[in-house]
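No value in this document is a laboratory result; all are computed from the given coordinates. What you see is a predicted model; the values in this text were computed from it and never measured. FYI the Cβ positions are ideal-geometry reconstructions off the backbone, even for glycines, and counts take in every protein chain you see.
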């Protein structure tokens, strides 16, 4: 029995809509003019070619993921989209904490300075050390430490809504934003420089 080779034109190609949305045609002829046109992915491999790591493709808007594709491990997948894991804990819990603190008169506002300065501190330290790559990323640690910051954010929201010029809320926000933004920028520059040296 003779088996005829399958016609390459009938090969089923994987979904490449994400690449095409970026203007990349994965099936375009890569030859420099002469020779036979591409017959499919198998023709693209050369035994002597250098192996290159795959490039991650952005499939989620940055406002939702807060991370570049190479850091999508720091996101949870919700409805097929990458959502920042820290924000997935932080914002809903902050909203609940803010509503809870604002209802009734059970909350002792003399605790506000302690809550605003101390509860986010472990999460801020973790964020700085993680972005500087001093510690390795751990999703559970990140979520647990973000919860403390979320409670403080809820208290801060209530203070802000009571007085939009509240010095305590704004001071905490500016100090912790400066610390985390500085770490993110410096860490990003270090990573970019280390990738350029490879």
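Using a simple spin-label model with pseudo-atoms 7 Å out from Cα toward Cβ, residue 64 and residue 195 lie 2.2 nm apart.
Projecting label points 7 angstrom from Cα along Cα→Cβ for residue 110 and residue 138 puts them 3.7 nm apart. For the range 83-127, the convex hull spanned by the alpha carbon atoms encloses 60 Å³ per residue. Percent of Cα pairs in the range 85-189 per distance bin of 5 Å, from zero to the largest separation: 2, 13, 21, 24, 19, 11, 6, 3, 1, 0. Distance between the 7 Å Cα→Cβ label points at residue 129 and residue 163: 3.5 nm.
Between residue 174 and residue 117, full extension at 0.36 nm per residue minus the direct alpha carbon distance yields a gain of 19.4 nm.
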